[in-house]
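Worksheet: the structure to be examined is printed underneath.
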Amino acid sequence: MREVLVPLEVDMALPPGGSTLYTTSGTAMGTGWSARLMLPPGADGAALTLALQRELDEIVAQMSHWEPDSLLSRYNAAPAGSWHDLPPQFFDVADYALRVHQDSGGAYDPAGGQLVNLWGFGATRRYDQAGFYAPDAAAIGAVLAQRGASQPVLDRATRRLLQPGGALLDFSSVAKGYAVDCMARCLEQRSVRHYVVEAGGELRGAGAKANGEPWWVEIEGVPDADGAGAGAVVALHGLAIATSGDYRRYFQHGARRAAHTLDPRSGYPVANGVASVTVLAPTCMAADALSTALTVLGPADGLAFAEARGIAARFLVRAPGGLLETTSSDWGALLQ
């Protein structure tokens, strides 16, 4: 039986009469993006495409750890003790990411860039390039010690961020979701209320198609487990969805899979059996960051974290007999 998830509250409003289905796409943040929307009469689809691309280009200019001139890269290279004024987009992401860091007890860390680089998942010394070798315990310990002594400080009143010295921000587990939210806001500001937008597999939707059907999206499974966990669909009606999986970027480290999701507390790739975590949330920024945090916390602590905070989450855990599925109560409440 195929699982179907539907929001508890549904707005039954249909697209304006004469609306047409419009599809557009592009590239940003090293991945592709797309949008499907009901274009109201008189609206300019080409202008909407340009507006969406501008939104994404601005996020890259601020938050990319690949671009040496991005605001994030300039912050990472800044001297100790320097304060940095933040534009609204950067502030929103830093604010939310640091709150999740605190709330998760450090299981999620937006300033874990040194650790990401050490394991070959950053912009340089990549794990899939010749000459890479996994770090030893001494190198990991040194990074953890330096990270513990260099905590970024966000002054929320003045919207400034302190570079304590050597702190490396990495927003790769939150900026993509935030970009999807910006795409949604961009459309809504231009009177487009019925859409589904996507960047790199993270999605957010609202409204309905011309026939009243919601935007149905298949929930990501685990491809290296014969597609296990796939088949469920969700109506993205006022919801966003993001999945963190150990199958996306990894390398074999001895007998273990070294996945790109790292535990900032231990300094090592997660080894708790979690193959993927999918989160449904009102914003894609939340779904993106929380799916990573829950992956690190693991099936027991992660589920408890989700239950305590009303997070709709699904865990797929590797076991000898295949994948085991565990879901939070809020996920189960959406099942039809």
For the stretch 31-140, which fully contained helices (runs of 4 or more DSSP H) count at least 1 residues that are acidic (Asp, Glu) and either open to solvent by 10 Å² or more (accessible area, probe 1.4 Å) or within 22 Å of GLY200 (Cβ to Cβ) (or both)?
-> 45-63, 88-103
With the condition kept exactly as written, say whether any residue in the stretch 325-333 is free of Cβ contacts under 8 Å to residues at least 24 places away in the same chain and more than 19 Å from PRO7 (Cα to Cα).
-> no
When every residue in the stretch 216-237 that is aliphatic (A, V, I, L, M) and at pLDDT below 90 is compared, the one farthest from VAL10 (Cα to Cα) is ALA225
Being of a type in the set (Val, Ile, Thr), in contact with a Leu (Cβ under 8 Å, 6 or more places away or on another chain) and closer than 20 Å to VAL6 by Cα, is that true of even one residue in the stretch 262-270?
-> no
Residues in the stretch 175-197: is at least one open to solvent by 40 Å² or more (accessible area, probe 1.4 Å), without any contact (Cβ under 8 Å) to a residue 60 or more places away in the chain, within 29 Å of ALA259 (Cα to Cα) and acidic (Asp, Glu)?
-> no
Determine which single condition LEU297 fails, assuming it passes every other condition in (1) part of a strand (DSSP E or B); (2) at pLDDT 95 or above.
-> (1)
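Per-residue answers, yes or no, for (1) of a type in the set (Ser, Thr, Tyr); (2) at pLDDT 90 or above:
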position	(1), (2)
GLU9	no, no
LEU14	no, yes
SER19	yes, yes
TYR22	yes, yes
ALA28	no, yes
LEU39	no, yes
What number of residues in the stretch 159-198 are β-branched (Val, Ile, Thr), more than 19 Å from the chain's Cα centre (by Cα) and not in a loop (DSSP other than H, G, I, E, B)?
-> 0
Within the stretch 300-332, track down each residue that is open to solvent by less than 50 Å² (accessible area, probe 1.4 Å), assigned to a helix (DSSP H, G or I) and farther than 15 Å from ASP103 by Cβ.
-> LEU303, TRP331, GLY332
Quick one: which residue in GLU307, GLU213 is modelled with pLDDT of 95 or more and over 13 Å from the mean Cα position of the chain (by Cα)?
-> GLU307
List pairs: first in the stretch 1-12 and under 8 Å from VAL233 (Cα atoms), second assigned to a loop (DSSP other than H, G, I, E, B) and open to solvent by 40 Å² or more (accessible area, probe 1.4 Å), Cβ under 9 Å, 6+ apart or cross-chain?
-> GLU3/GLN336; VAL4/GLN336; LEU5/GLN336
Within the stretch 157-213, track down each residue that is over 22 Å from VAL6 (Cβ atoms) and β-branched (Val, Ile, Thr).
-> THR158, VAL174, VAL192
Positions within the stretch 141-158 being outside any strand (DSSP E or B) and of a type outside the set (A, V, I, L, M, F, W, C), in sequence order | GLY141, GLN146, ARG147, GLY148, SER150, GLN151, PRO152, ARG156, THR158
Which residue pairs have Cβ atoms under 6 Å apart, sit 6 or more places apart or on different chains, and have a first residue in the stretch 250-277 that is outside any strand (DSSP E or B) and a second that is open to solvent by 70 Å² or more (accessible area, probe 1.4 Å) and at pLDDT 70 or above?
-> HIS260/ARG249; GLY273/ARG318
For the stretch 156-174, enumerate the residues that are open to solvent by less than 10 Å² (accessible area, probe 1.4 Å), of a type outside the set (S, T, N, Q) and in contact with a strand residue (DSSP E or B) (Cβ under 6 Å, 6 or more places away or on another chain).
-> LEU161
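The values are calculated or read from the model by the stated rules, or taken from the named source; none is laboratory data. Here the structure is a predicted model, which means the values were calculated and not measured. Because the Cβ atoms are built from the backbone with ideal geometry, glycine has one as well, and the counts that use them run over all protein chains shown. Heavy atoms of the whole protein, side chains included, go into the accessibility calculation; ligands, DNA and RNA do not. Shrake-Rupley method; radii C 1.70, N 1.55, O 1.52, S 1.80 Å.
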